[in-house]
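The structure appears below as structure tokens.
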Amino acid sequence: MQLATRLLVQAAEIMEAPYLIPIEFAHIDACFYTGQAHVDFVRYLLANGAKLAIPTWTNSSVASLSSPDLRPDTSGMVSSAHELMRAYAELGCVPTWTCAPYQLPGGPKFGDHIAAGESNAVSYYNSVVGCRTNKYGDYLDVACALVGKVPFAGLHTDEGRRARLHFDCRELPDDCRTSDLFPHLLGHYMGGIAGSRVVTVSGLSPSTTKDGGKAISAAAAASGGIELWHGVGVTPEAPELASVFSSGDATSVHIDDLRRAHSELSTARDGPLDAIALGTPHFSFAEFGEVLRLLDGRHAKTGLSCFISTSRAVHEVIAAKGWLGTLEAAGFQIPLDVCTYYSPRIPALRGRVMTNAAKWAYYAPGMLDVEVALGSLRECIESAVRGEVWREPNSWLMR
């Protein structure tokens, strides 16, 4: 506990925080194995009787406890990841193993101060839920959960949450702003310009869903490190532009900006597919329902590997609804506890892979040495059935 407190005080000094404040909840990333130091750290905590001060949930892992053979055990990485997962459960963490904890019941609510480490969760909790957190990396996230406090600085403060950059989407056509690919491309575009600045967006459709918010959060955090974005009339802290933005840079978003984003993220030529990868961040209940609607009783092409990653909680719900059996019969695998874009590579993910997720498209070419075709969810499902990349005719992106 002295070590955890020293880490926290050191962070507070670096951030020039005047004091520490209590938090309600933590979602930690240190449970994601990237080397032996991760195991050594939690072993040290357990050996010295460390106790969590607040409810603490776990991010996704390198390995799946439900499907231990999903990834090859390269250099013992999978077995070490399993050990790390068991250790954090022993420490008292709630074993959620998801990168989208905001989809689960019982989480934090508007105005709560929390500590989160996973990039898309930080952005989503701040932006869509209205919680307050900075990005707390390994192992500071665990220290916050042990002490139950964070430095009062950055996005925990009112001033720190003011937008410094305004993106105006009002000139975009309606069919663009209501498409499910738009938030992925917008998030990627914003991140490339904003870096880690707080931004606000006007012109989002009032019908923007939570999954749309998830897409913006994940893409913007991946391409630029955005930890908070405000959607005017959409997110809870931005009923109007003046609520979150008074001075700073402003830019209008045009179709060509989104076309360039699509080109950056879609590295593969259209053609026969080797795999489909959905669920980055983890798929929601609503997204599974949309997949079934789009499949309409059809089956993915025989021999094509199709993955949809999700959380244990959502998996339980779709199983209870009878959807899981239908999806598996249609040729889809539903891995738990993991995302599929990082190494060791799942053997079936090779060659030309199609995804609807900007975050997957951003990371996978470098992590897995694959070509990526980015498309809407409808394009992905239709491509899965055909076994080759299919594009929506006359879409706003191609006009």
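Annotations for the structure displayed:
- Listed residues 140, 206, 130: farthest to the positive end of the dipole of the chain (Cβ charges): 140
- Paramagnetic label reach from residue 269 (point 7 Å along Cα→Cβ; backbone nitrogen cut-off under 15 Å): within segment 366-392, residues 371-373, 389.
- Shape analysis of segment 162-264 based on the Cα gyration tensor places the equivalent ellipsoid semi-axes at 18, 15, 13 Å, largest first.
- Label corresponding to Rg and Dmax of the Cα atoms in Å when calculated from the structure given, among (i) 23.1, 73; (ii) 23.5, 78; (iii) 20.7, 63: (iii)
- Part-to-part distance (alpha-carbon centres) for segment 47-75 and segment 191-236, which is given in Å: 29
- Enclosing the Cα atoms of segment 2-156 in their convex hull gives a volume equal to 103 cubic angstrom per residue.
- Violating pairs (Cα-Cα greater than 27 angstrom) within the set 51/109; 51/210; 210/301; 109/149: 51/210; 210/301
- For segment 162-264, the residue among 254, 221, 231 whose Cα projects farthest onto the positive side of the dipole built from Cβ charges is 221.
- Between the listed residues 329, 23, 368, the Cα displaced farthest toward the positive end of the dipole of the chain, a dipole computed from Cβ unit charges relative to the Cα centre, is found at 329.
- Segments 341-352, 65-76, 204-215 sorted - mean Cβ within 10 Å per residue, highest first: 204-215, 341-352, 65-76
- Paramagnetic reach from residue 299 in segment 310-325 [backbone N under 16 Å; point 7 Å along Cα→Cβ]: 325
- Charging the Cβ of each Asp and Glu at -1 and of each Lys and Arg at +1, and nothing else, the dipole of the chain about its Cα centre rounds to 240 debye.
- Ranking of 118, 13, 379, 388 by count of other Cβ atoms within 10 Å, fewest first: 13, 388, 379, 118
- Spin-label pair residue 246/residue 36, simplified geometry with 7 Å Cα→Cβ offset, distance in nm: 5.4
- Each of 334, 28, 21 was scored by other Cβ atoms within 10 Å of its Cβ. Listed from fewest to most, they are 21, 334, 28.
- Within segment 33-151: Cβ-based charge dipole about Cα centre, in debye rounded to nearest 20 (Lys, Arg +1; Asp, Glu -1): 360
- The ranking of 82, 230 by Cβ neighbour count inside 10 Å, starting from the fewest, reads 82, 230.
Read-outs: derived from the displayed coordinates by stated rules, not from any lab. These figures come from a predicted structure and were not determined experimentally. As a convention, Cβ positions derive from the backbone with ideal geometry for all residues, glycine included, and neighbour counts pool all protein chains shown.
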